[in-house]
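Single-structure report; data block below.
The values are calculated or read from the model by the stated rules, or taken from the named source; none is laboratory data. Note that the coordinates shown come from a computational prediction; the quantities given were computed from them, not determined experimentally. Quick reminder, even Gly has a Cβ in these numbers, built from the backbone with ideal geometry, and neighbours come from all protein chains shown.
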Amino acid sequence: MKHWTHLVVAVTLAAGWPGKAQVGSFIADLDDEALQYTSQDVRDPVARLQERIDRGDVRLEFTKDHGYLESVLKFLNLPVSSQTLVFSKTSFQLTKIAPATPRALYFNDDVYLGFVQNGDVMEMSAVDPQKGAIFYSLDQKPVEKPRFVRRVGECLQCHASPNTQGIPGHQVRSVYPDKDGQPLLTAGFFLTDHRSPFQERWGGWYVTGTTGRQAHLGNVFAKDPSKPEQLNSIDGLNVTSLKEIVNTTPYLSPHSDVVALLVLEHQTQMHNLITRVGYEARLALSHQKIMDEALGREPGEWSETTRRRIERPTEILLRYTLFAEEAPLEAPVKGTSQFRQEFEALGPRDHQGRSLRQMDLQKRMFRYPCSYLIYTAAFDALPPEVQDRFYRRLWEVLSGKDQGADYAALSAADRKAILEILRDTKPGLPAYFRAGS
C-alpha cells in the first residue's frame, strides 16, 4: 500500500478553511522517519483493546441485531447518548445507507465508530497520540477472537486530504441530499465545525433538538435535484422526535442529538489540528537536524523556515482551542438525549466545581471557551517545542497580556475562569501559570 502513504496536498496555513486564506503546500511522506504513520507500533484505544482480546482478557459479545456494537461501545467507553444518525451516502458502505437506514455514529474523546444496519463491517477511527487518526474495520461475523483490521489505503483516500488539514484525520460534512440520500455534489458541500454558520450544518443528517429560529440543513431532502440548494430547511427545524421521519427501533437510541453533533463537529477538527501541528513540527525539526549535520552546525539555532513551520500552526491551534472564531448562537440550543449531562459529568472540575466541559448553549457552545481536548494524550504527546510555544501564547492570552483582535471575544472573566480551571485540572502546566494565583 506504499503508493497510498505519500501525501501531497495543499492546505491552508491560516485559521480559515482552504480558499478562505492564502494556501500553502504541505507535503508529508507518511513513512518519513519523523512520522512513521504506517508502522505497526500504534497505541490508540482500539489497538489496546485488540491486545486485551488477544490475551483473552476481554471477550466481545455478538448479538443478532447489532453484531459486536454494544460490546465494543462498552469496552471503548463510547456512550450510547453520543449517537448521531447520518443518512447521506458518504461512507464506503453507501449501498446500505439511505434515509430509512442511516448510519449511526458514536464517539468519545479519542474514538469514532460507525454502525450500519446489516453492514458487513463496523468502521472505526481512533487517535494515536503520535500518529493521529488510525482507521479500522471489524467484521460483523461471530468468531472466537474478533480482529480490528487496520485500514490505510482505502480510508486515506478520503481521510487524508485538504478536508482533514492534510493529515490522516476526520471530517464532518454537510451535503445537499436527494430523497435517496445521494449527495448532490454539484451544489458543493460544507466542512463543518464550531466556526460554521448554522445554515451550513447537518445536510444529510438527522437532528433531534431545538435551535429556535436558527435554520440548518438537517432532516430534509432536496426535492428538485437540479436545484438542490433550494430545499426547505424550515421543515427540519426543532424536531424532537424522529418517529414520524424514520424508524429508529433498530438503533440503540431514538436520538440524533443536536448537542452531540455540535461537540462532534468541534472535536473532529480539533483532533486534526493537534495532529497537523505535531506532523509539521516533527518534520521541521527533523529537516533542521539534517541541515545542521550537512552544514556542520551545532544544534540549537532554528532557521526561519523551521520557526515558521512550528509557530504558525501552533497559533492556529491556539485560536481554535479558545474558540476565537466560533459562530455565535442566535437562539438557545437544547438536545433530546442525556448526552449533555453525561458529557459534562466527565470533568475534570476545579475546586469551585467548574469544568471546561460545562456547556452554555445560549450564546455559545461552552461556558468556558477552551477545548476539553487539551486534556487528551494526543495533546500531551505534542513535541516539547510546540508545547512550549502553545503554553507561552496561552498564558499571554489568559493573563490579558495579549489584547489583540484575534482573542477579543474572550472577556476578562472568561480568561480568568479558564486560567483558574487549568491551574486546578491540567497537569504539567509551566510554572509561570501560577503567577498571581
- request: Specify the residue that is farthest from S71 (Cα to Cα); the eligible residues are those in the range 81-137 that are acidic (D, E) and out of contact with any Phe, Trp or Tyr (no Cβ under 8 Å at 6 or more places or on another chain).
  value: D128
- prompt: Within the range 282-294, is even one residue at pLDDT below 95 and of a type in the set (V, I, T)?
  reply: yes
query: Does Q269 satisfy the criteria of being free of Cβ contacts under 8 Å to residues at least 40 places away in the same chain, of a type outside the set (V, I, T), in a helix (DSSP H, G or I) and surrounded by 18 or more Cβ atoms within 10 Å (Cβ to Cβ)?
result: no
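Can you tell me which residues in the range 40-66 are closer than 12 Å to D128 by Cα, part of a loop (DSSP other than H, G, I, E, B) and not acidic (D, E)?
If the condition is that a residue be closer than 12 Å to D128 by Cα, part of a loop (DSSP other than H, G, I, E, B) and not acidic (D, E), then Q40, V42, R43 are the ones that fit.
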- request: Inspect the range 38-60 for any residue being modelled with pLDDT of 50 or more, of a type in the set (S, T, N, Q) and surrounded by 15 or more Cβ atoms within 10 Å (Cβ to Cβ) and give the result as yes or no.
  value: yes
message: Take residues that are touching a strand residue (DSSP E or B) at 6+ places or on another chain (Cβ under 9 Å) and not aliphatic (A, V, I, L, M) and tell me which of the helices (runs of 4 or more DSSP H) falling wholly in the range 296-388 contain 3 or more.
response: 339-345
field: Filter result for the condition that a residue is of a type in the set (G, A, S), closer than 26 Å to D31 by Cα and surrounded by fewer than 21 Cβ atoms within 10 Å (Cβ to Cβ), over S125, S161, S137
entry: S161
- line: Here the qualifying pairs (Cβ atoms under 8 Å; residues six or more apart or on different chains; first in the range 204-232 and free of Cβ contacts under 8 Å to residues at least 12 places away in the same chain and assigned to a loop (DSSP other than H, G, I, E, B); second surrounded by fewer than 21 Cβ atoms within 10 Å (Cβ to Cβ) and of a type outside the set (F, W, Y)) come out as D224/Q230
task: Please note which strands (runs of 3 or more DSSP E) are completely contained in the range 90-157 and include at least 1 residues that are over 22 Å from Y251 (Cα atoms), out of contact with any helix residue (DSSP H, G or I) (no Cβ under 8 Å at 6 or more places or on another chain) and of a type outside the set (K, R).
output: 148-151
Odd one out for D235, checked against (1) farther than 19 Å from Q341 by Cβ; (2) in contact with a strand residue (DSSP E or B) (Cβ under 9 Å, 6 or more places away or on another chain): (2)
query: Just for the range 67-89: of the residues that are in a helix (DSSP H, G or I) and touching a residue at least 24 places away in the same chain (Cβ under 8 Å), which one is farthest from G203 (Cα to Cα)?
result: F75
Among residues of the range 403-421, those that are in a loop (DSSP other than H, G, I, E, B) and surrounded by fewer than 16 Cβ atoms within 10 Å (Cβ to Cβ), counted: 5
Subset of the range 362-386 (residues that are farther than 27 Å from P197 by Cβ and either buried (at least 20 other Cβ atoms within 10 Å of the Cβ) or touching a residue at least 40 places away in the same chain (Cβ under 8 Å) (or both)): Y375, T376, A377, A378, F379, D380, A381, L382, P383, E385, V386
query: Taking the range 179-194 as the region of interest, how many residues are surrounded by fewer than 22 Cβ atoms within 10 Å (Cβ to Cβ), in contact (Cβ under 8 Å) with a residue 60 or more places away in the chain and either touching a Phe, Trp or Tyr at 6+ places or on another chain (Cβ under 8 Å) or hydrophobic (A, V, I, L, M, F, W, C) (or both)?
result: 3
